[in-house]
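Just below is one structure, and these are the notes that go with it.
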Amino acid sequence: MSLWIKNAIIVNADKISRKPQDIFIEAGFIKKITASSDTPQTLSKGGAVNSIDAQGKLVMPGFIDMHVHLRQPGREDKETIETGSRAAAKGGFTTVMCMPNTNPVIDNGMIVKAILDEAQRVGLVNVIPIGAITRGQKNEELSDMFELKEAGCRALSDDGKSVVNSQLMRLAMEYARMAEVLLIEHCQDPNLSGCGVMNEGRTSTLLGLKGDPGVSETVIVARDIELAHYLNTRIHLAHISLKRSVELIRFAKSQGIRVTAEAAPHHFTLTEEAHESFDTNTKVNPPLRTKEDVEAIKEALKDGTIDCIATDHAPHTEEDKEADFDHAPFGMIGLETAVGLVITELVDPKIISWAQMVERMSAAPARITGLCHKGEISEGKEADITVIDPHREWEVRRQDFVSKSKNSPFIGRTLKGCVEATICQGRVVYQREGVPGL
Amino acid sequence: MNPPIKIMDKESMRRALMRIAHEILEKNKGVEDLCVIGIRTRGAVLAERIQGYIKQIEGLDVPVGVLDITLYRDDLTLVATQPVIHETLIHFDITNKRVILVDDVLFTGRTIRAALDALIDFGRPATIQLAVLMDRGHRELPIRADYVGKNIPTSLDQDVQVILGETDQQEDEVVIQNKHKV
Amino acid sequence: MIEWNKHSLLDLRELNKEEIEMVLETAKSLKEVSLREVKKVPALRGKTVVLLFFESSTRTRTSFELAAKRLSADTINIAVNNSAMSKGESVLDTARNLEAMNVDMIVVRHACAGVPNLLAQNLKTSIVNAGDGCREHPTQALLDLFTIKEKLGRIEGLKVGIVGDILHSRVARSNIMGFTKLGAEVTVCGPSTLMPPGIESTGVKVTYNVLELIEQCDVLMVLRIQQERQRDKYLPSIREYARMFGINKEKLRHAKKDILIMHPGPTNRGVELSAEVADGEYSVILDQVANGLAIRMAVLYLLLGTHGKAPAGE
């Protein structure tokens with residue numbers, strides 16, 4: 001099967017093509033890239049190949065989301081690998097890494113294989129399971145990291161909670177260093193966060209909701225940085241939400257400590273004031289923070305202190321979210337709004353460039369997780385490609401979500417920038433309605 | 001809109017109320033067990049005045065009270081926002097009393113119906129007699145006044161306004177006016 | 001006076017000064033009804049008020065029920081034990097079922113902040129917040145304002161002290177809203193572990209010195225301290241709390257001569273308030289209870305007048 005993308009302005013993390021390029025894809029790989037003007041006449045008159053005309057669009061390496069919850073196995077009423085894959089494709093993501101807090105927990109090779117098989121059957125985007133750091137995410141003993149890695153995990157995490165026991169985390173980091181697998185930490189000291197449902201501070205005081213103090217995040221950030229330094233290994237910190245955390249990471253990086261970090265779109269677009277309406281779709285963990293924190297996250301995404309953007313896509317049913325604020329589950333969906341939010345809130349206001357967007361959403365996650373054939377559009381790389389209309393404005397509507405869940409606080413918002421087509425391993429897995437081609 | 005027509009001035013109001021005071025005393029043969037209760041807002045003012053005239057005539061004080069009938073209105077479910085409630089001030093027992101209920105204008109009778117209900121909740125008077133400054137007709141309930149200052153035939157698209165010094169900061173008068181037509 | 005157009009009473013945060021004053025004025029007129037031989041007026045005849053309590057309460061529930069009955073509304077009591085509430089039915093489900101039966105008002109108390117808002121956003125029925133978690137207890141604050149106005153004739157310019165577990169107190173939050181809107185100067189006082197972060201941003205002062213507070217204030221509002229606070233490690237011991245923050249005659253020696261001592265009840269005598277003080281000359285605790293009835297009658301009367309209107313802002 002072959003695919004021809006015509007008139008592409010190719011955006012890579014390090015370079016944007018000046019003139020339109022044509023990309024030729026074969027057997028899932030990028031075979032050739034030529035200037036559009038050099039494309040043989042015979043081809044442009046239309047041949048046997050499928051083509052997409054990317055005139056006026058930006059063509060980027062497919063986005064990689066290091067942090068999603070696909071809920072399968074266990075809560076297929078919220079999301080499945082199939083619906084999650086569809087949401088990813090619609091959101092421009094060609095690779096998603098799904099967190100292990102499923103039921104059962106992804107802590108052995110069998111479950112990893114089952115997820116990979118199902119993703120294969122669905123056949124839309126690359127789904128890479130993240131295994132648990134501790135067996136059953138119980139914080140008691142390490143999971144079989146070699147087995148998980150062999151089965152296909154590139155990273156391990158106890159996402160949803162921290163590895164609280166510092167000694168256990170030390171051992172996990174040492175062992176993961178040997179197994180050459182990435183550890184992703186959810187930074188939150190549960191004793192400090194307690195039953196908090198939102199950021200602790202002025203707004204939690206006003207709303208009478210139990211607060212989770214920012215320090216519950218920063219103590220783990222600081223601890224993990226120190227462990228990484230001491231053990232001379234690396235650590236990836238998930239969904240960083242605070243200015244203080246950013247400062248700690250910036251300091252660590254300046255010391256040469258191998259720490260990487262991600263931020264979720266809602267942490268650079270929403271503040272704790274979003275809870276004023278008690279809309280449970282705004283309830284996330286880590287919680288929405290203050291304006292100052294939002295600004296710091298944006299700054300960190302600009303200067304690279306935070307390496308990448310990951311959605312923390314966390315689907316929940318309407319029934320579950322219709323509860324009172326204390327009892328509603330944490331999380332919001334993010335796959336289908338991420339690109340719009342990044343362009344509207346970061347690229348359009350010129351906080352980051354288009355190339356930086358590619359760095360944060362594709363190149364960096366590929367590098368961090370060792371996906372060396374992804375994250376770049378160049379000859380020989382895997383043909384995972386996202387086509388963006390940088391100008392198109394669209395309204396986030398409940399009925400347009402293809403995710404099984406609709407728990408988005410962004411419903412009703414108008415966003416600028418939209419995914420026109422998503423190509424995974426050379427196949428068009430999503431194309432916006434009304435886009436010409438094929 | 002036509003200009004308002006004055007149908008009673010300060011002096012004729014005084015005479016009418018004085019006459020009512022005389023009639024009350026005549027009918028009740030003095031002030032024994034008598035009390036006067038005015039319906040807010042203007043009925044209360046008129047009640048005070050009648051009590052004053054009774055004192056002028058007999059030299060004796062009769063108890064006077066103020067009744068707010070808002071909580072007894074039969075149209076509470078029909079109005080868009082709740083009318084403001086004012087205090088009811090009846091600091092005496094009305095059981096076995098001869099109650100003179102005072103209002104400014106007698107119209108449909110619904111206000112008086114509400115007032116009667118309210119009074120019954122306060123006790124069991126020997127009699128309740130009704131005194132009004134103006135009776136403009138158009139009764140919707142079987143209610144009539146015992147003492148009337150002036151009968152004035154009106155049409156339904158007219159308003160009768162009683163203006164009193166105490167409440168309106170303006171010289172006493174009664175005017176009749178056509179309602180605003182849209 | 002302004003026109004009342006609120007359909008629900010969710011918190012004092014959403015009420016402006018004029019609206020608060022209107023409730024107080026209406027309550028003043030309604031207080032007399034409870035002094036009559038026949039303690040009932042027909043104003044809310046035919047209306048149905050549901051008291052939906054997810055937390056146990058005796059005085060607030062009784063007060064609302066009596067208020068409704070004195071205005072001739074029908075009342076239904078639903079006490080839901082939170083722990084026993086089957087996971088299948090959410091609070092919203094319960095309320096939707098009640099609405100389907102055409103009730104006119106739901107008075108709700110719940111351990112979670114924002115539940116009244118959740119109901120108001122999803123239902124057309126009038127919602128009254130009778131206490132939601134640590135957030136607000138608007139009728140309590142209104143009755144406190146009413147009591148002070150009755151006793152001292154004004155709110156503006158008064159110095160009000162609130163002593164106790166500010167962190168977990170909805171009474172404190174509602175009162176802070178009410179007092180500051182009506183121009184009083186509020187100082188909160190209590191153990192530092194029970195002081196919510198950022199409380200100063202609501203316009204109050206914070207002190208940990210109860211004697212200093214007592215010396216300067218016209219009104220001292222004493223909050224109930226829960227025994228659980230010791231278990232949850234907020235306090236070394238209830239005994240130490242009583243020693244430091246408990247209000248007794250000794251501490252009141254430096255108080256102004258006409259200080260008002262208030263307490264939302266029920267009191268832990270000998271802990272936050274000594275029996276002497278609770279029953280003493282400065283205490284207006286029973287006036288608060290009596291006025292609570294008038295305030296709740298006023299709230300019911302005003303809210304049920306704006307019938308059939310969609311909740312504001314929806």
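The values are calculated or read from the model by the stated rules, or taken from the named source; none is laboratory data. For clarity, every value in this text was computed on a predicted model and none was experimentally measured. Cβ: placed from backbone, ideal geometry, glycine included. Neighbour counts: every protein chain shown.
Scan region A:169-195 for residues that are among the small types (Gly, Ala, Ser), closer than 30 Å to residue C:110 by Cα and buried (at least 19 other Cβ atoms within 10 Å of the Cβ) and jot them down. Give the derivation first.
Of the residues in region A:169-195, the ones among the small types (Gly, Ala, Ser) are A:172, A:176, A:179, A:193-194.
Pick out the ones that are also closer than 30 Å to residue C:110 by Cα and you get A:193-194.
Correct list: A:193 only.
Consider residue C:136 against the criteria (1) away from chain A (no Cβ under 14 Å); (2) within 30 Å of residue A:276 (Cβ to Cβ); (3) surrounded by 15 or more Cβ atoms within 10 Å (Cβ to Cβ): it satisfies all of them except one. Which criterion is unmet?
With (1) away from chain A (no Cβ under 14 Å); (2) within 30 Å of residue A:276 (Cβ to Cβ); (3) surrounded by 15 or more Cβ atoms within 10 Å (Cβ to Cβ) applied to residue C:136, the lone miss is (1).
Among A:330, A:268, which is the only one that is in contact with a Lys or Arg (Cβ under 9 Å, 6 or more places away or on another chain) and surrounded by fewer than 19 Cβ atoms within 10 Å (Cβ to Cβ)? Don't jump to the end; show me each part of the working.
Details: A:268 fails: surrounded by fewer than 19 Cβ atoms within 10 Å (Cβ to Cβ).
A:330 is the lone residue from the list that is in contact with a Lys or Arg (Cβ under 9 Å, 6 or more places away or on another chain) and surrounded by fewer than 19 Cβ atoms within 10 Å (Cβ to Cβ).
I'd like to check something: does region C:78-86 contain any residue that is outside the structural domain of residue C:145 (by TED's automatic domain parsing), surrounded by 15 or more Cβ atoms within 10 Å (Cβ to Cβ) and among the hydroxyl-bearing types (Ser, Thr, Tyr)?
Checked region C:78-86: no residue is outside the structural domain of residue C:145 (by TED's automatic domain parsing), surrounded by 15 or more Cβ atoms within 10 Å (Cβ to Cβ) and among the hydroxyl-bearing types (Ser, Thr, Tyr).
Every residue in region C:172-185 that is away from chain A (no Cβ under 11 Å) and not small (Gly, Ala, Ser), please.
If we filter region C:172-185 for residues that are away from chain A (no Cβ under 11 Å), which is where we start, we get C:175, C:178-185.
Once the filter is applied, which keeps residues that are away from chain A (no Cβ under 11 Å) and not small (Gly, Ala, Ser), region C:172-185 yields C:175, C:179, C:180, C:181, C:182, C:185.
Yes or no: residue A:181 aliphatic (A, V, I, L, M) and either more than 30 Å from residue A:256 (Cβ to Cβ) or within 14 Å of chain C (Cβ to nearest Cβ) (or both)?
Values: aliphatic (A, V, I, L, M): yes; either more than 30 Å from residue A:256 (Cβ to Cβ) or within 14 Å of chain C (Cβ to nearest Cβ) (or both): no.
No; evaluated as a whole, the condition is false for this residue.
Would you tally the residues in region B:15-61 being charged (D, E, K, R) and more than 16 Å from residue B:148 (Cβ to Cβ)? Walk me through it before giving the result.
Looking only at region B:15-61, we keep the residues that are charged (D, E, K, R), and these are B:15, B:19, B:23, B:26-27, B:29, B:32-33, B:40, B:42, B:48-49, B:55, B:58, B:61.
Next, from what is left, pick out any that are more than 16 Å from residue B:148 (Cβ to Cβ): B:29, B:32-33, B:40, B:48, B:55, B:58, B:61.
Final tally of qualifying residues: 8.
Got a sec? Which strands (runs of 3 or more DSSP E) wholly within region C:186-268 have at least 3 residues that are surrounded by fewer than 21 Cβ atoms within 10 Å (Cβ to Cβ), of a type in the set (Asp, Glu) and within 14 Å of chain A (Cβ to nearest Cβ)?
Numbers: elements: C:205-207, C:219-222, C:260-262.
Strands (runs of 3 or more DSSP E) meeting the threshold: none at all.
Is it the case that some residue within region B:87-95 is among the acidic types (Asp, Glu), facing chain C (nearest Cβ under 9 Å), in contact with a Phe, Trp or Tyr (Cβ under 9 Å, 6 or more places away or on another chain) and surrounded by fewer than 19 Cβ atoms within 10 Å (Cβ to Cβ)? First the steps, then the outcome.
Start the filter on region B:87-95 by keeping residues that are among the acidic types (Asp, Glu), which leaves B:87, B:93.
Going one step further and asking which of them are facing chain C (nearest Cβ under 9 Å), we end up with B:87, B:93.
After this cut, where a residue has to be in contact with a Phe, Trp or Tyr (Cβ under 9 Å, 6 or more places away or on another chain) as well, the list is B:93.
Subset that is surrounded by fewer than 19 Cβ atoms within 10 Å (Cβ to Cβ): B:93.
Yes, there is a match, as at least one residue in region B:87-95 is among the acidic types (Asp, Glu), facing chain C (nearest Cβ under 9 Å), in contact with a Phe, Trp or Tyr (Cβ under 9 Å, 6 or more places away or on another chain) and surrounded by fewer than 19 Cβ atoms within 10 Å (Cβ to Cβ).
Strands (runs of 3 or more DSSP E) wholly in region B:93-173 with at least 1 residues that are over 28 Å from residue C:33 (Cβ atoms) - which ones?
Values: elements: B:98-106, B:127-135, B:147-151, B:158-163.
Ranges flagged: B:127-135, B:147-151, B:158-163.
For residues in region B:145-164 being without any contact (Cβ under 8 Å) to a residue 24 or more places away in the chain and within 28 Å of residue B:25 (Cα to Cα), which is surrounded by the most Cβ atoms within 10 Å (Cβ to Cβ)?
Narrowing region B:145-164 to residues without any contact (Cβ under 8 Å) to a residue 24 or more places away in the chain: B:151, B:153-156, B:158-159, B:163.
Restricting the remaining residues to those that are within 28 Å of residue B:25 (Cα to Cα) gives B:151, B:153, B:163.
Values: B:151: 12, B:153: 9, B:163: 20.
Within region B:145-164, the match that is surrounded by the most Cβ atoms within 10 Å (Cβ to Cβ) is B:163.
Could you run through region C:28-49 and say how many residues are within 15 Å of residue C:298 (Cα to Cα), more than 8 Å from chain B (Cβ to nearest Cβ) and in a helix (DSSP H, G or I)?
2
Confirm whether residue C:57 is under 27 Å from residue B:114 (Cα atoms) and more than 9 Å from chain B (Cβ to nearest Cβ). Don't jump to the end; show me each part of the working.
Numbers: under 27 Å from residue B:114 (Cα atoms): no; more than 9 Å from chain B (Cβ to nearest Cβ): yes.
So residue C:57 does not fit the description; no.
Would you be able to say whether some residue in region C:154-173 is buried (at least 21 other Cβ atoms within 10 Å of the Cβ), farther than 25 Å from residue A:326 by Cβ, hydrophobic (A, V, I, L, M, F, W, C) and free of Cβ contacts under 8 Å to residues at least 60 places away in the same chain? Give the steps one after another, and end with the answer.
Restricting attention to region C:154-173, the residues satisfying the condition of being buried (at least 21 other Cβ atoms within 10 Å of the Cβ) are C:155, C:160-173.
Within this subset, residues satisfying the condition of being farther than 25 Å from residue A:326 by Cβ are C:155, C:160-161, C:163.
Still in the list and also hydrophobic (A, V, I, L, M, F, W, C): C:155, C:160, C:163.
Of the ones still in play, those that are also free of Cβ contacts under 8 Å to residues at least 60 places away in the same chain are C:155.
The answer is yes; a qualifying residue exists.
Are there any helices (runs of 4 or more DSSP H) wholly within region A:114-230 with 1 or more residues that are under 20 Å from residue A:365 (Cβ atoms), and if so which? Steps first, please.
On the way: elements: A:145-151, A:166-179, A:190-193, A:202-207.
Because the criterion is at least 1 residues that are under 20 Å from residue A:365 (Cβ atoms), the helices (runs of 4 or more DSSP H) in region A:114-230 that meet it are A:145-151, A:166-179.
Looking at region C:7-27, which of the residues that are farther than 23 Å from residue B:87 by Cβ and more than 16 Å from the chain's Cα centre (by Cα) is nearest to the other protein chains (Cβ to nearest Cβ)? Full working, then the answer.
Taking region C:7-27 first, the residues farther than 23 Å from residue B:87 by Cβ are C:7-8, C:10-14, C:16.
This time we only want the ones that are more than 16 Å from the chain's Cα centre (by Cα), so: C:7, C:16.
Values: C:7: 10, C:16: 16 Å.
By that ranking, first place goes to C:7.
Would you pick out the residues in region C:94-128 that are of a type outside the set (A, V, I, L, M, F, W, C), touching a residue at least 12 places away in the same chain (Cβ under 8 Å) and either more than 12 Å from chain A (Cβ to nearest Cβ) or touching a His at 6+ places or on another chain (Cβ under 7 Å) (or both)? Let's see the steps before the verdict.
Quick first cut of region C:94-128, residues of a type outside the set (A, V, I, L, M, F, W, C) only: C:94, C:96-97, C:99, C:102, C:104, C:109-110, C:114, C:116-117, C:121-122, C:124-126.
Of the ones still in play, those that are also touching a residue at least 12 places away in the same chain (Cβ under 8 Å) are C:94, C:96, C:99, C:102, C:104, C:109-110, C:114, C:116-117, C:121-122, C:124-126.
Matches in region C:94-128: C:99, C:102, C:104, C:109, C:124, C:125, C:126.
Restricting the search to region C:121-157, which residues are touching a Phe, Trp or Tyr at 6+ places or on another chain (Cβ under 7 Å) and among the aromatic types (Phe, Trp, Tyr)?
Once the filter is applied, which keeps residues that are touching a Phe, Trp or Tyr at 6+ places or on another chain (Cβ under 7 Å) and among the aromatic types (Phe, Trp, Tyr), region C:121-157 yields nothing.
With respect to residue B:21, is the statement that it is more than 14 Å from chain C (Cβ to nearest Cβ), buried (at least 22 other Cβ atoms within 10 Å of the Cβ) and part of a helix (DSSP H, G or I) true? First the steps, then the outcome.
On the way: more than 14 Å from chain C (Cβ to nearest Cβ): yes; buried (at least 22 other Cβ atoms within 10 Å of the Cβ): yes; part of a helix (DSSP H, G or I): yes.
Answer is yes for this residue.
Out of the residues in region B:67-80 that are more than 8 Å from every other protein chain (Cβ to nearest Cβ) and within 13 Å of the chain's Cα centre (by Cα), state the one that is surrounded by the most Cβ atoms within 10 Å (Cβ to Cβ).
B:67
When you go through (1) in contact (Cβ under 8 Å) with a residue 40 or more places away in the chain; (2) within 12 Å of another protein chain (Cβ to nearest Cβ) one by one for residue C:52, which number turns out not to apply?
(2)
Please work out if residue B:83 is away from chain C (no Cβ under 14 Å) and not polar (S, T, N, Q). Please lay out each step first, then the result.
Values: away from chain C (no Cβ under 14 Å): no; not polar (S, T, N, Q): yes.
No, not satisfied.
Could you tell me how many of the residues in region A:287-312 are within 20 Å of residue A:368 (Cβ to Cβ) and of a type in the set (A, V, I, L, M)?
Number satisfying all stated conditions: 6.
Consider residue A:423 carefully, then state whether it is in the same structural domain as residue A:35 (by TED's automatic domain parsing) and in contact (Cβ under 8 Å) with a residue 24 or more places away in the chain. I'd like the intermediate steps shown before the answer.
Details: in the same structural domain as residue A:35 (by TED's automatic domain parsing): yes; in contact (Cβ under 8 Å) with a residue 24 or more places away in the chain: yes.
In short, yes.
Note down all Cβ pairs under 7 Å where the first residue falls in region C:12-36 and is not assigned by TED's automatic domain parsing to the domain that holds residue C:182 and surrounded by fewer than 19 Cβ atoms within 10 Å (Cβ to Cβ), the second is part of a helix (DSSP H, G or I) and at pLDDT below 95, and they're at least six residues apart or on different chains.
As it stands, the answer is C:36/B:121; C:36/B:122, since those pairs meet every condition given.
This table checks each residue for (1) out of contact with any Leu (no Cβ under 7 Å at 6 or more places or on another chain); (2) in contact (Cβ under 8 Å) with a residue 60 or more places away in the chain.
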| site | (1), (2) |
| --- | --- |
| A:183 | no, no |
| A:187 | no, yes |
| A:200 | yes, no |
| A:213 | no, no |
| A:224 | no, no |
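Filter region A:332-359 for residues that are more than 15 Å from residue A:385 (Cα to Cα), charged (D, E, K, R) and within 17 Å of the chain's Cα centre (by Cα) and give the result.
Hits for region A:332-359 are A:336, A:345.
Just for region A:308-320: of the residues that are surrounded by 21 or more Cβ atoms within 10 Å (Cβ to Cβ) and either free of Cβ contacts under 8 Å to residues at least 12 places away in the same chain or on the phi < 0 side of the Ramachandran plot (or both), which one is nearest to the other protein chains (Cβ to nearest Cβ)? Full working, then the answer.
Initially, region A:308-320 is screened for residues surrounded by 21 or more Cβ atoms within 10 Å (Cβ to Cβ), giving A:308-316.
Retained after the next criterion (residues that are either free of Cβ contacts under 8 Å to residues at least 12 places away in the same chain or on the phi < 0 side of the Ramachandran plot (or both)): A:308-311, A:313-316.
Numbers: A:308: 31, A:309: 30, A:310: 29, A:311: 26, A:313: 24, A:314: 20, A:315: 19, A:316: 13 Å.
Filtering region A:308-320 for residues that are surrounded by 21 or more Cβ atoms within 10 Å (Cβ to Cβ) and either free of Cβ contacts under 8 Å to residues at least 12 places away in the same chain or on the phi < 0 side of the Ramachandran plot (or both), the one nearest to the other protein chains (Cβ to nearest Cβ) comes out as A:316.
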